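The values are calculated or read from the model by the stated rules, or taken from the named source; none is laboratory data. None of these values were measured; they are calculated from a predicted model. Reconstructed Cβ throughout: ideal geometry from the backbone, glycine too, with neighbour counts over all protein chains shown. Just so you know, the surface numbers come from the protein's heavy atoms only, side chains and all, with ligands and any DNA or RNA stripped out. Shrake-Rupley method; radii C 1.70, N 1.55, O 1.52, S 1.80 Å.
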Amino acid sequence: MIPVQKIRTLVEEKIAGTDLFITDITVTPGNKIQVSIDKMNGGIVISDCVQVSRHIEAHLDRNVEDYQLDVSSAGMEIPFKVKQQYLKNTGRKVEVITVEGQRYEGKLLSANEEGIELEMHHRDKRTKKEITEVKPINYTHIKQTKKIITFK
């Protein structure tokens, strides 16, 4: 089986100095390699995936070990896996589920090394006034975060 770290090193070599980043890498026992990448500014285009794929293929030998390679965008509906995704999506609406089972929905205000800040709006049941709450959440308490896709 091809080691995940070998694939990670190859991808990191290729994307060094760009605004691309790795969101996930998996290698199954049958050497099905899946690499998910994203870009800090804008979205992934096919040429980004092709360049990363060709770099990996140039450094692996199918005669030594056969493999199947898939390099793709992280996808909008996939939960966040790395801190860069939080940074990229600052200012966007997200859904956060904590390890305790709490569900929060709001605008991702900020992200740093420790966690995130989420701006949430709700109505006070007694006064009917709109209340804005800023909730800090440490990464260790986050089970899953997804971008909420809205159509205007």
Inset, instruction - Go through segment 111-127 and give me each residue that's open to solvent by 40 Å² or more (accessible area, probe 1.4 Å) and either of a type in the set (Ser, Thr, Tyr) or within 14 Å of Val82 (Cα to Cα) (or both). - result: Asn112, Glu113, Glu114, Thr127
Inset, instruction - May I ask you to verify whether Ile142 is touching a residue at least 40 places away in the same chain (Cβ under 8 Å), over 28 Å from Cys49 (Cβ atoms) and open to solvent by less than 70 Å² (accessible area, probe 1.4 Å)? - result: no
Legend entry - Conditions (1) in contact with a Phe, Trp or Tyr (Cβ under 7 Å, 6 or more places away or on another chain); (2) under 26 Å from Phe151 (Cα atoms): number failed by Gly42: (1)
Legend entry - Selected residue (criterion: farthest from the chain's Cα centre (by Cα)) from residues of segment 10-36 that are over 18 Å from Lys81 (Cβ atoms) and open to solvent by less than 60 Å² (accessible area, probe 1.4 Å): Asn31
Legend entry - Verdict on Ile2 being modelled with pLDDT under 95 and either open to solvent by less than 40 Å² (accessible area, probe 1.4 Å) or closer than 25 Å to Lys135 by Cβ (or both): no
Legend entry - Filter result for Glu130 (open to solvent by less than 60 Å² (accessible area, probe 1.4 Å) and acidic (Asp, Glu)): no
Legend entry - Any pair with Cβ under 7 angstrom, 6 or more apart, that starts in segment 17-30 at a residue that is more than 15 Å from Asp48 (Cα to Cα) and ends at one that is of a type in the set (Ser, Thr, Tyr) and at pLDDT 95 or above: Asp24/Ser36
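Say we look at segment 37-69 and pick out the residues that are in a strand (DSSP E or B) and over 29 Å from Lys93 (Cβ atoms); which of these is most open to solvent (accessible area, probe 1.4 Å)? Lay out the reasoning, then the answer.
Within segment 37-69, the first condition is being in a strand (DSSP E or B), and the residues that meet it are 37-39, 68-69.
Narrowing the set further to residues that are over 29 Å from Lys93 (Cβ atoms) leaves 68-69.
On the way: Gln68: 108, Leu69: 35 Å².
So, considering only residues that are in a strand (DSSP E or B) and over 29 Å from Lys93 (Cβ atoms), the one most open to solvent (accessible area, probe 1.4 Å) is Gln68.
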Legend entry - Selection count, segment 49-74, where residues are within 20 Å of Gly30 (Cα to Cα), at pLDDT below 95 and among the small types (Gly, Ala, Ser): 0
Legend entry - Filter result for Ile97 (of a type in the set (Val, Ile, Thr), touching a residue at least 24 places away in the same chain (Cβ under 8 Å) and open to solvent by 60 Å² or more (accessible area, probe 1.4 Å)): no
